[in-house]
Amino acid sequence: MPRYAQLVMGPAGSGKSTYCSTMVQHCEALGRAVQVVNLDPAAELFSYPVMADIRELIEVDDVMQDESLRFGPNGGLVFCMEYFANNFSWLEESLGHVEDDYVLFDCPGQIELYTHLPVMKQLVEQLQQWEFRVCGVFLVDSQFMVESFKFISGILAALSAMVSLEIPQINVMTKMDLLSKKAKKEIEKYLDPDMYSMIEDSTNILRSKRFKKLTKSICGLIDDYGMVRFLPLDRSDEESINIVLQHIDFTIQYGEDLEFKEPKECEEDKSALVDEYFQDHVDE
(Lines give C-alpha, C1' and ligand atoms only; values in the text may rest on other atoms or scores of the structure.)
Protein backbone atom coordinates (compact mmCIF):
# COMPACT_ATOMS: atom_id res chain seq x y z
CA MET A 1 0.00 0.00 0.00
CA PRO A 2 1.31 3.48 -0.83
CA ARG A 3 1.80 6.09 1.85
CA TYR A 4 1.04 9.79 1.44
CA ALA A 5 2.85 12.95 2.45
CA GLN A 6 2.42 16.70 2.25
CA LEU A 7 5.51 18.88 2.55
CA VAL A 8 4.05 22.06 4.03
CA MET A 9 6.36 24.88 2.93
CA GLY A 10 6.35 28.65 2.73
CA PRO A 11 8.03 31.76 4.15
CA ALA A 12 8.15 32.38 7.88
CA GLY A 13 4.75 33.60 9.07
CA SER A 14 2.83 32.20 6.10
CA GLY A 15 0.75 29.98 8.37
CA LYS A 16 2.34 26.52 8.02
CA SER A 17 1.64 25.35 11.56
CA THR A 18 -1.87 26.83 11.45
CA TYR A 19 -2.44 25.03 8.14
CA CYS A 20 -1.39 21.72 9.72
CA SER A 21 -3.69 22.29 12.68
CA THR A 22 -6.59 23.19 10.37
CA MET A 23 -6.08 20.09 8.21
CA VAL A 24 -5.87 17.81 11.24
CA GLN A 25 -9.15 19.15 12.61
CA HIS A 26 -10.82 18.98 9.19
CA CYS A 27 -9.70 15.39 8.58
CA GLU A 28 -10.79 14.33 12.06
CA ALA A 29 -14.26 15.63 11.22
CA LEU A 30 -14.16 13.50 8.04
CA GLY A 31 -13.05 10.45 9.98
CA ARG A 32 -9.60 10.42 8.38
CA ALA A 33 -6.37 9.73 10.22
CA VAL A 34 -3.70 12.38 9.58
CA GLN A 35 -0.39 12.67 11.41
CA VAL A 36 1.96 15.68 11.66
CA VAL A 37 5.76 15.66 11.83
CA ASN A 38 7.54 18.84 12.90
CA LEU A 39 10.71 19.43 10.87
CA ASP A 40 11.44 22.92 12.20
CA PRO A 41 14.23 22.67 14.82
CA ALA A 42 13.43 26.24 15.93
CA ALA A 43 9.71 25.68 16.52
CA GLU A 44 8.25 26.52 19.92
CA LEU A 45 4.53 25.79 20.28
CA PHE A 46 2.10 23.57 18.38
CA SER A 47 -1.67 23.65 18.19
CA TYR A 48 -1.80 20.07 16.92
CA PRO A 49 -0.63 16.66 18.21
CA VAL A 50 2.88 15.85 16.94
CA MET A 51 3.72 12.36 15.72
CA ALA A 52 7.45 13.14 15.63
CA ASP A 53 9.45 16.25 16.47
CA ILE A 54 12.89 16.97 14.98
CA ARG A 55 13.79 18.72 18.24
CA GLU A 56 14.03 15.26 19.79
CA LEU A 57 16.99 14.76 17.43
CA ILE A 58 18.51 18.24 17.37
CA GLU A 59 17.44 21.77 18.36
CA VAL A 60 18.60 25.18 17.11
CA ASP A 61 19.09 26.61 20.62
CA ASP A 62 21.48 23.80 21.52
CA VAL A 63 23.50 24.38 18.35
CA MET A 64 23.69 28.14 18.95
CA GLN A 65 24.86 27.63 22.53
CA ASP A 66 27.62 25.22 21.50
CA GLU A 67 30.90 27.11 22.03
CA SER A 68 32.69 25.06 19.38
CA LEU A 69 30.18 25.98 16.66
CA ARG A 70 29.20 29.61 17.40
CA PHE A 71 26.37 29.67 14.86
CA GLY A 72 23.71 32.35 14.58
CA PRO A 73 20.01 31.51 14.01
CA ASN A 74 20.29 30.87 10.25
CA GLY A 75 23.58 29.01 10.43
CA GLY A 76 22.22 26.96 13.33
CA LEU A 77 19.14 25.99 11.36
CA VAL A 78 21.22 24.93 8.34
CA PHE A 79 23.45 22.85 10.63
CA CYS A 80 20.39 21.20 12.18
CA MET A 81 18.87 20.31 8.81
CA GLU A 82 22.13 18.90 7.48
CA TYR A 83 22.44 16.83 10.67
CA PHE A 84 18.88 15.64 10.09
CA ALA A 85 19.75 14.62 6.50
CA ASN A 86 22.54 12.45 7.88
CA ASN A 87 20.16 10.81 10.35
CA PHE A 88 17.08 9.87 8.34
CA SER A 89 17.06 6.61 10.31
CA TRP A 90 15.54 8.63 13.20
CA LEU A 91 12.66 9.71 10.95
CA GLU A 92 12.14 6.18 9.62
CA GLU A 93 11.91 4.83 13.14
CA SER A 94 9.54 7.64 14.19
CA LEU A 95 7.24 7.07 11.21
CA GLY A 96 7.03 3.31 11.61
CA HIS A 97 5.01 1.71 8.85
CA VAL A 98 1.23 1.70 9.02
CA GLU A 99 -0.84 1.04 5.92
CA ASP A 100 -2.41 4.11 4.36
CA ASP A 101 -0.19 6.55 6.29
CA TYR A 102 -1.02 10.22 5.60
CA VAL A 103 1.59 12.55 7.06
CA LEU A 104 1.95 16.35 7.04
CA PHE A 105 5.54 17.54 7.34
CA ASP A 106 5.66 21.02 8.90
CA CYS A 107 8.85 22.35 7.27
CA PRO A 108 11.10 25.32 8.15
CA GLY A 109 10.51 28.58 6.30
CA GLN A 110 14.08 29.53 5.31
CA ILE A 111 14.17 29.76 1.51
CA GLU A 112 17.82 28.68 1.28
CA LEU A 113 16.76 25.15 2.24
CA TYR A 114 14.98 24.95 -1.11
CA THR A 115 17.20 27.10 -3.35
CA HIS A 116 20.81 26.06 -2.83
CA LEU A 117 20.91 23.31 -0.18
CA PRO A 118 20.10 19.67 -1.03
CA VAL A 119 18.47 18.80 2.31
CA MET A 120 14.81 19.01 1.27
CA LYS A 121 15.47 17.27 -2.04
CA GLN A 122 17.19 14.46 -0.12
CA LEU A 123 14.17 14.24 2.17
CA VAL A 124 11.82 13.90 -0.81
CA GLU A 125 13.95 11.15 -2.33
CA GLN A 126 14.08 9.31 1.00
CA LEU A 127 10.31 9.52 1.46
CA GLN A 128 9.80 8.18 -2.05
CA GLN A 129 12.06 5.25 -1.23
CA TRP A 130 9.78 4.58 1.75
CA GLU A 131 6.85 4.39 -0.72
CA PHE A 132 5.43 7.83 0.06
CA ARG A 133 3.61 9.76 -2.64
CA VAL A 134 4.75 13.30 -1.92
CA CYS A 135 3.02 16.59 -2.72
CA GLY A 136 4.47 20.01 -1.97
CA VAL A 137 2.06 22.54 -0.43
CA PHE A 138 3.51 26.02 -0.72
CA LEU A 139 1.81 28.66 1.42
CA VAL A 140 1.89 32.41 0.93
CA ASP A 141 0.20 34.92 3.23
CA SER A 142 -2.63 36.58 1.28
CA GLN A 143 -2.02 39.80 3.23
CA PHE A 144 1.42 39.93 1.61
CA MET A 145 0.11 39.37 -1.93
CA VAL A 146 -2.12 42.40 -2.41
CA GLU A 147 0.43 44.28 -4.51
CA SER A 148 1.77 43.26 -7.92
CA PHE A 149 5.47 43.28 -7.00
CA LYS A 150 4.90 41.29 -3.83
CA PHE A 151 2.78 38.84 -5.78
CA ILE A 152 5.55 38.29 -8.33
CA SER A 153 8.01 37.76 -5.46
CA GLY A 154 5.68 35.15 -3.95
CA ILE A 155 5.40 33.37 -7.30
CA LEU A 156 9.19 33.21 -7.66
CA ALA A 157 9.51 31.74 -4.15
CA ALA A 158 6.93 29.07 -5.03
CA LEU A 159 8.72 28.35 -8.31
CA SER A 160 12.07 27.95 -6.57
CA ALA A 161 10.64 25.20 -4.37
CA MET A 162 8.87 23.57 -7.32
CA VAL A 163 12.01 23.49 -9.47
CA SER A 164 14.25 22.34 -6.62
CA LEU A 165 12.10 19.48 -5.33
CA GLU A 166 10.62 18.22 -8.61
CA ILE A 167 7.37 17.05 -7.06
CA PRO A 168 3.73 18.02 -7.68
CA GLN A 169 2.98 21.26 -5.87
CA ILE A 170 -0.22 22.99 -4.78
CA ASN A 171 0.13 26.72 -4.04
CA VAL A 172 -2.17 28.20 -1.43
CA MET A 173 -2.99 31.72 -0.30
CA THR A 174 -3.57 31.54 3.43
CA LYS A 175 -5.30 33.82 5.95
CA MET A 176 -8.12 34.76 3.59
CA ASP A 177 -10.33 35.05 6.67
CA LEU A 178 -8.19 37.97 7.90
CA LEU A 179 -8.68 40.12 4.79
CA SER A 180 -11.07 43.04 4.65
CA LYS A 181 -13.86 43.07 2.07
CA LYS A 182 -11.88 45.52 -0.04
CA ALA A 183 -8.73 43.38 0.12
CA LYS A 184 -10.69 40.26 -0.84
CA LYS A 185 -11.99 42.00 -3.94
CA GLU A 186 -8.47 43.17 -4.77
CA ILE A 187 -6.81 39.79 -4.28
CA GLU A 188 -9.29 37.85 -6.42
CA LYS A 189 -7.30 38.76 -9.54
CA TYR A 190 -4.16 37.18 -8.08
CA LEU A 191 -5.65 33.69 -7.70
CA ASP A 192 -5.80 33.10 -11.44
CA PRO A 193 -3.74 36.06 -12.67
CA ASP A 194 -3.53 37.67 -16.06
CA MET A 195 0.18 38.39 -15.95
CA TYR A 196 0.14 40.63 -19.01
CA SER A 197 -2.36 42.94 -17.34
CA MET A 198 -0.18 42.87 -14.26
CA ILE A 199 2.76 44.01 -16.38
CA GLU A 200 0.87 47.16 -17.28
CA ASP A 201 0.07 47.81 -13.62
CA SER A 202 3.66 47.27 -12.52
CA THR A 203 5.82 48.82 -15.19
CA ASN A 204 4.30 52.26 -14.69
CA ILE A 205 6.05 52.35 -11.30
CA LEU A 206 9.41 51.25 -12.66
CA ARG A 207 11.73 53.94 -13.96
CA SER A 208 14.50 51.66 -15.18
CA LYS A 209 13.97 50.25 -18.68
CA ARG A 210 16.10 47.25 -17.72
CA PHE A 211 13.84 46.34 -14.80
CA LYS A 212 10.75 46.88 -16.93
CA LYS A 213 12.11 44.40 -19.45
CA LEU A 214 12.99 41.90 -16.72
CA THR A 215 9.54 42.19 -15.12
CA LYS A 216 7.90 41.69 -18.50
CA SER A 217 9.96 38.57 -19.16
CA ILE A 218 9.12 37.06 -15.76
CA CYS A 219 5.41 37.78 -16.13
CA GLY A 220 5.40 36.42 -19.67
CA LEU A 221 7.09 33.18 -18.59
CA ILE A 222 4.59 32.62 -15.79
CA ASP A 223 1.59 33.41 -17.98
CA ASP A 224 2.66 31.50 -21.10
CA TYR A 225 3.38 28.27 -19.25
CA GLY A 226 0.68 28.53 -16.57
CA MET A 227 3.31 27.59 -14.02
CA VAL A 228 1.78 28.94 -10.81
CA ARG A 229 -1.82 29.25 -9.68
CA PHE A 230 -3.14 29.73 -6.14
CA LEU A 231 -6.04 28.32 -4.18
CA PRO A 232 -7.62 30.48 -1.44
CA LEU A 233 -7.65 29.04 2.07
CA ASP A 234 -10.11 30.45 4.57
CA ARG A 235 -9.79 28.41 7.77
CA SER A 236 -13.24 29.58 8.89
CA ASP A 237 -14.85 28.05 5.77
CA GLU A 238 -15.03 24.23 5.62
CA GLU A 239 -15.70 24.30 1.87
CA SER A 240 -12.52 26.29 1.26
CA ILE A 241 -10.48 23.80 3.33
CA ASN A 242 -12.09 20.87 1.53
CA ILE A 243 -11.28 22.26 -1.91
CA VAL A 244 -7.59 22.57 -1.01
CA LEU A 245 -7.53 19.05 0.45
CA GLN A 246 -9.28 17.59 -2.60
CA HIS A 247 -6.68 19.07 -4.92
CA ILE A 248 -3.84 17.66 -2.85
CA ASP A 249 -5.51 14.24 -2.58
CA PHE A 250 -6.08 14.16 -6.33
CA THR A 251 -2.45 15.09 -6.96
CA ILE A 252 -1.12 12.15 -4.94
CA GLN A 253 -4.12 9.93 -5.83
CA TYR A 254 -5.04 9.35 -2.21
CA GLY A 255 -7.49 6.47 -1.88
CA GLU A 256 -7.47 5.60 -5.58
CA ASP A 257 -8.37 2.02 -4.66
CA LEU A 258 -11.53 3.46 -3.10
CA GLU A 259 -12.70 4.86 -6.46
CA PHE A 260 -11.30 8.29 -5.73
CA LYS A 261 -12.99 11.09 -7.67
CA GLU A 262 -11.52 14.21 -9.19
CA PRO A 263 -11.65 17.27 -6.96
CA LYS A 264 -14.88 19.21 -7.03
CA GLU A 265 -12.99 22.12 -8.54
CA CYS A 266 -11.67 21.12 -11.98
CA GLU A 267 -9.38 23.52 -13.81
CA GLU A 268 -12.16 24.46 -16.24
CA ASP A 269 -14.47 25.38 -13.35
CA LYS A 270 -11.84 26.99 -11.16
CA SER A 271 -12.68 30.59 -11.97
CA ALA A 272 -16.39 29.93 -11.40
CA LEU A 273 -15.76 28.50 -7.94
CA VAL A 274 -13.38 31.30 -7.07
CA ASP A 275 -16.05 33.80 -8.09
CA GLU A 276 -18.58 31.94 -5.94
CA TYR A 277 -16.23 32.02 -2.94
CA PHE A 278 -15.69 35.77 -3.21
CA GLN A 279 -19.37 36.47 -3.81
CA ASP A 280 -20.25 34.56 -0.64
CA HIS A 281 -17.59 36.22 1.51
CA VAL A 282 -17.22 39.74 0.14
CA ASP A 283 -20.96 40.42 0.11
CA GLU A 284 -21.42 39.30 3.74
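The values are calculated or read from the model by the stated rules, or taken from the named source; none is laboratory data. All values reported here derive from a predicted model rather than from experimental measurement. Cβ sites come from the backbone with ideal geometry, for glycine too, and all protein chains shown count toward neighbours. Please note that ligands, DNA and RNA were not included when accessible areas were found on the heavy atoms of the full protein model with its side chains. Shrake-Rupley method; radii C 1.70, N 1.55, O 1.52, S 1.80 Å.
Can you pick out the pairs among LYS150/LYS175; LYS16/LYS150; LYS189/LYS213; LYS16/LYS175; LYS16/LYS216; LYS181/LYS216 whose Cα atoms lie more than 21 Å from each other?
Working: LYS150/LYS175 16 Å; LYS16/LYS150 19 Å; LYS189/LYS213 23 Å; LYS16/LYS175 11 Å; LYS16/LYS216 31 Å; LYS181/LYS216 30 Å.
Beyond 21 Å between Cα atoms: LYS189/LYS213; LYS16/LYS216; LYS181/LYS216.
Determine the shape class of the stretch 73-190: with a ≥ b ≥ c the square roots of the Cα gyration tensor eigenvalues, call it rounded for a/c under 1.5, and otherwise prolate if a/b is greater than b/c, oblate otherwise.
Details: a/c = 2.43, a/b = 1.79, b/c = 1.36.
Verdict is prolate for the stretch 73-190.
Backbone geometry of the stretch 39-51 corresponds, through the Karplus equation with coefficients 6.51, -1.76 and 1.60 at θ = phi - 60°, to 3J(HN,Hα) couplings of 10, 9, x, 10, 5, 10, 10, 10, 9, 9, x, 9, 6 Hz, x marking Gly and Pro.
Computed packing ranks the peptides 171-180, 72-81 as 171-180, 72-81, most packed first, by mean other Cβ atoms within 10 Å.
Rolling a 1.4 angstrom probe over the protein heavy atoms with all chains in place gives the stretch 80-187 an accessible area of 42 Å² per residue.
Taking Cα pairs under 8 Å and at least six residues apart, what relative contact order does the stretch 20-150 come out at, in percent? If you can, show how the numbers build up before the last one.
Values: 119 pairs, mean separation 32.0, N = 131.
This gives 24 percent for the stretch 20-150.
Here the dipole of the stretch 1-155 is about 560 debye; that uses its Cα centre as origin and unit charges on the Cβ of Lys and Arg (positive) and Asp and Glu (negative).
The apolar share of the surface of the stretch 36-117, taken as the fraction of accessible area on carbon and sulfur atoms (1.4 Å probe, ligands and nucleic acids excluded), comes to 47 percent.
The mean sequence distance of close C-alpha pairs (under 8 Å, at least 6 residues apart), as a share of the length of the stretch 1-80, puts its relative contact order at 20 percent. When each of the peptides 85-97, 13-25 is scored by how many other beta carbons lie within 10 Å of its residues on average, the order from highest to lowest is 13-25, 85-97.
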